[in-house]
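In what follows, a structure is listed as C-alpha cells, so that the remarks can point back to it.
No lab work stands behind these numbers, since they all come straight from the coordinates. All values derive from a computational prediction rather than experimental measurement. A quick note on method: Cβ atoms are made from the backbone with ideal geometry, for glycine too, and the neighbour counts reach across all protein chains shown.
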Amino acid sequence: MTPASHLARGSRRRWRLISFLIVGAGLAVLIGANAHLVYVAFKSQPDCVPHMKQAGGAQIYAAARSVC
C-alpha cells in the first residue's frame, strides 16, 4: 500500500464517522422534540373544560363531549 492510499482510507473513515455522528445527533433531537411534545400534551391536559350548553341556542364553541 502506498502512503497516499492509506491517507485516503483514513479520510474516508473519518468522514463516515462524522456523518454517522451528524445523523445520530439529528435523530436524537427529533426523538427528544417528539418526547417533549408528548410530555407537554399529557401534562397540560385539563381535567374539565368549561363549555357552552344552551338549549335551542346557536353555539359558537362547544366541547365535543362533556368530561365534567
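Listed values, structure above:
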{"item": "Burial ordering of SER44, SER19, fewest other beta-carbon atoms within 10 Å first", "result": "SER44, SER19"}
{"item": "In nm, spacing of pseudo-spin labels at LYS43 and ILE18 (7 Å Cα→C-beta vector)", "result": "3.7 nm"}
